Amino acid sequence: MSKPKVLRRDFLVGSGTALAAGALTVLAPETAEAAAAASVTYEPSKGYIVYDSRLCLGCQSCMYACSMTHEGEANPSLSRIQIIRDAPSFTTYPYDIVMAPCRQCVTPICVQNCPTGACHIDAAHGNVRRIDQQKCIGCKLCINSCPQRPHRTVWDPAKKKSTKCDLCVDAPYWSRQGGPEGTQACVTVCPAKALKLVKDPPPQADIAGYDVNLAPPPKPKTKPSMPTAKSGS
């Protein structure tokens, strides 16, 4: 008997939920103070990047655009969005590509666990979850606590500090206005239109809420017109 195939989307949903649950278990509050901090509610971000894994070509244009606009260099390891191609067990189209943008979590564990306030809610820019590198001490708590895999807080080995997606609010080499009311480099350059900025928070239970259908609607079929007989023929 042949083994049933596990679709990439189904695998990611299950594993993403398990990883998130595991991360939350590890970070479970052990003191009254930590429990109180965990119960704090945050103003939701006014922008979220969703994607369509079926449309993604795996070209990594978004990764290069991200590192170029933020860091001024084409370095995929510094990109705040990651596209993973030909990951183990993901071999059949369209289940061979993993898309991983920052979720701008409604309950941001990275913000909760940052000891210096470097990872914070930027109320002046649509409540974007971002990192102030002037305050970052390089402790990596935001990286270790991120429930996403791969984690979406990014370590910069040259600066020895953490970075993360800020929806291009502060992208020194991006010539346009970023943030929830602007445009993002990754969304703009994607040739397949597999990324989109939305205003409403996607479902937070697992990654499936961010993987949406962005394919254009099919064009309506039109019947060929029949030639009409000329009068007097």
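The values are calculated or read from the model by the stated rules, or taken from the named source; none is laboratory data. Source: prediction; values computed, not measured. When we count neighbours, we look across all protein chains shown, and the Cβ atoms used for this are built from the backbone with ideal geometry, even at glycine. Heads up: the accessible areas ignore ligands, DNA and RNA and are worked out on the full protein's heavy atoms, side chains in. Shrake-Rupley method; radii C 1.70, N 1.55, O 1.52, S 1.80 Å.
What's the extension gain from A208 to A74 if we count 0.36 nm per residue and subtract their Cα-Cα distance?
Details: separation 134, 0.36 × 134 = 48.24 nm, distance 2.93 nm.
Separation in residues times 0.36 nm, less the Cα-Cα distance, equals 45.3 nm.
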Entries in K164/K219; K161/K196; K199/K219; K46/K193; K46/K160 that, when Cα-Cα distance is taken, lie over 31 Å: K164/K219
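Please report the relative contact order for region 136-233, taking Cα pairs under 8 Å with a sequence separation of at least 6, and give it as a percent rounded to a whole number.
On the way: 72 pairs, mean separation 12.0, N = 98.
This gives 12 percent for region 136-233.
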Nearest-0.05 FRET efficiency for E43 and Q133, computed from C-beta distance (R0 25 Å): 0.65
For region 160-233, with +1 on Lys and Arg beta carbons and -1 on Asp and Glu, the positive-most of P217, L195, P180 along the dipole: P217
For H120, solvent-accessible area (1.4 Å; no DNA, RNA or ligand), Å²: 50
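Rounded to a whole number, what is D in µm²/s for region 46-88 from Stokes-Einstein with the Kirkwood radius over alpha-carbon pairs (4 °C, 1.567 mPa s)? Present the calculation step by step, with values, prior to reporting the outcome.
On the way: Rh = 11.3 Å.
The estimated diffusion coefficient comes to 114 µm²/s.
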Where region 86-233 is the region considered: accessible area per residue in Å², 1.4 Å probe: 58
Alpha-carbon Debye profile of region 140-215, log10 I(q)/I(0) at 0.18 Å⁻¹: -0.98
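Could you put C139, C110 in order of accessible surface area, largest first, with the 1.4 Å probe and the full protein assembly present?
C139, C110
When the Kirkwood hydrodynamic radius is evaluated over all pairs of different C-alpha atoms of region 89-204, what value in angstrom, to one decimal, is obtained? Mind dumping the intermediate values first?
On the way: mean 1/r = 0.0650 Å⁻¹.
The Cα-based Kirkwood calculation yields 15.4 Å.
What do you reckon, how do S175, S61 stack up by accessible area (1.4 Å probe), largest on top?
Details: S175 115, S61 40 Å².
So the residues, ranked largest to smallest area, are S175, S61.
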